[in-house]
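Engineer: Handing you a structure now.
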């Protein structure tokens, strides 16, 4: 099909979808598959993208353009506090093709009661956004959902510009100039904190704490969000690749960890904890995976996570199913222990309640939860913001999917803040934990085009 004919088909579909809708009604239309909505992410700012959620290996993408309305939580609010306003925004959505239903995109802070600090000033306790236009790629189909009051012509102009630019909107962004490490890991502070926490765990004060750290990178020009998302999509196709913009700042992550998915009454989650590097050869890779499975510390850390997830699902699910033993889940530069968990949601339990029950998991906080939060506040000395918080989407039925914001960076102009953390147990070795957390900065640094020359840098040279 020629591009001209594809544009004509899109125009006809949008005209039909908006012809008889009420003034306050949603509209949705299937679009020609020649239009790939991920093209809008080549230059997100030019296209007006405010949020995106992708599962590249599933051919799934939600791309929100413009803001029709939003739900902002107050400091200290739990995720379910967003429910009344979220329901009101989605109320009255007409029956439609399931893939083309209205959805809210957004996320929540790791610690909602804390006052946001640099660089998270633009991100509050939590936000869910109704896009003016939600472009959807799912199961091979392409479509768009228009918020009330948004014309089909607005979507058509964006589609036409995409075709005119060879399936892109604007020019693809690339990094110009070197990427420098403006602030590195405070190694001495990290080593001392790990030693202190491990000692307290051995003394029986608590079971586990997840200690995080942060570094800052800077360039001579604005960092390339579009190219970063493209790299993450290609390098981490089995992750949740997410972006969310607030003011002049954009969160971007490629998360391996599903917090919860709820669809047609079935809830799924994933226990993910303990890690090991990838091998240089298939044989070494398999050996390292078996070493991880056999490592007592790693198994105990993983079992802590799984046990608490199961406890938190009690009362919200029936017929809970848990893998008999963990498996290895491999990513480009790291591998983890993983356990799948699923059950039937009880009547009236929506995805926001599951998010509230499960966040923060022991994989990003610790156990017991309240004690671990206090330990984190004492030792980290920076604001996690939305790092390690839930990010995802929900619909009018209360279904949705949220991931844990891991492999996370916050981009503001020429500067990026990168975040990573490790689970600390009683037998944790401080130097080994430092090596592991340094490894976890690589995905975002590489996606940003980072090549930091320092031999001691956490970023690959």
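Engineer: Taking the criterion of being surrounded by fewer than 23 Cβ atoms within 10 Å (Cβ to Cβ), modelled with pLDDT of 95 or more and within 19 Å of residue 239 (Cα to Cα), would at least one residue in region 377-389 satisfy it?
Structural biologist: For region 377-389, residues surrounded by fewer than 23 Cβ atoms within 10 Å (Cβ to Cβ), modelled with pLDDT of 95 or more and within 19 Å of residue 239 (Cα to Cα): absent.
Engineer: Being free of Cβ contacts under 8 Å to residues at least 60 places away in the same chain and under 24 Å from residue 238 (Cβ atoms) narrows it down to one of 374, 284, so name that one.
Structural biologist: 284
Engineer: The conditions are (1) at pLDDT 95 or above; (2) not in a strand (DSSP E or B), and residue 434 fails exactly one of them. Which is it?
Structural biologist: Among (1) at pLDDT 95 or above; (2) not in a strand (DSSP E or B), the lone unmet condition for residue 434 is (1).
Engineer: Something else about it: If you scan region 243-262, which residues turn out to be out of contact with any helix residue (DSSP H, G or I) (no Cβ under 9 Å at 6 or more places or on another chain) and either in a strand (DSSP E or B) or crowded, with 17+ Cβ neighbours inside 10 Å (or both)?
Structural biologist: 244, 246, 249, 251, 255, 256, 257, 258
Engineer: OK, next. Can you list residue pairs whose Cβ atoms sit under 6 Å apart, with the first residue in region 229-240 being closer than 19 Å to residue 257 by Cβ and the second being part of a helix (DSSP H, G or I)? Count only pairs 6 or more apart in sequence or on different chains.
Structural biologist: Sorted first by the residue in region 229-240, then by its partner, the pairs are 229/41; 232/447; 233/56; 237/56; 237/57; 238/57.
Engineer: In the list 82, 27, which residue meets the criterion of being in contact with a helix residue (DSSP H, G or I) (Cβ under 7 Å, 6 or more places away or on another chain), assigned by TED's automatic domain parsing to the domain that holds residue 150 and closer than 16 Å to residue 107 by Cβ?
Structural biologist: 82
Engineer: When residues of region 165-214 are filtered for being at pLDDT 95 or above and within 17 Å of residue 446 (Cα to Cα), how many remain?
Structural biologist: The qualifying residues number 1.
Engineer: Is at least one residue of region 308-330 touching a residue at least 60 places away in the same chain (Cβ under 8 Å) and closer than 18 Å to residue 240 by Cα?
Structural biologist: Yes, that holds for at least one residue.
Engineer: What is the one condition in (1) surrounded by 16 or more Cβ atoms within 10 Å (Cβ to Cβ); (2) more than 30 Å from residue 222 (Cα to Cα); (3) under 30 Å from the mean Cα position of the chain (by Cα) that residue 74 does not satisfy?
Structural biologist: Just one mismatch for residue 74, condition (1).
Engineer: For region 304-313, state whether one or more residues are under 21 Å from residue 439 (Cα atoms), part of a helix (DSSP H, G or I), out of contact with any helix residue (DSSP H, G or I) (no Cβ under 9 Å at 6 or more places or on another chain) and in the same structural domain as residue 338 (by TED's automatic domain parsing).
Structural biologist: no
Engineer: Please verify whether region 94-105 includes one or more residues that are in contact with a strand residue (DSSP E or B) (Cβ under 9 Å, 6 or more places away or on another chain), over 22 Å from residue 55 (Cβ atoms) and assigned by TED's automatic domain parsing to the domain that holds residue 48.
Structural biologist: Yes, some residue in region 94-105 is in contact with a strand residue (DSSP E or B) (Cβ under 9 Å, 6 or more places away or on another chain), over 22 Å from residue 55 (Cβ atoms) and assigned by TED's automatic domain parsing to the domain that holds residue 48.
Engineer: Then there's this: Which numbered condition in (1) in contact with a helix residue (DSSP H, G or I) (Cβ under 8 Å, 6 or more places away or on another chain); (2) crowded, with 18+ Cβ neighbours inside 10 Å; (3) over 18 Å from residue 242 (Cβ atoms) is the only one that residue 40 fails?
Structural biologist: All conditions are met except number (3).
Engineer: Here's another thing I want to ask about it. If the requirement is being buried (at least 21 other Cβ atoms within 10 Å of the Cβ) and at pLDDT 95 or above, which of these qualifies: 447, 458, 409?
Structural biologist: 409
The values are calculated or read from the model by the stated rules, or taken from the named source; none is laboratory data. The model shown is predicted, which means the values in this text are computed figures rather than measured ones. Reconstructed Cβ throughout: ideal geometry from the backbone, glycine too, with neighbour counts over all protein chains shown.
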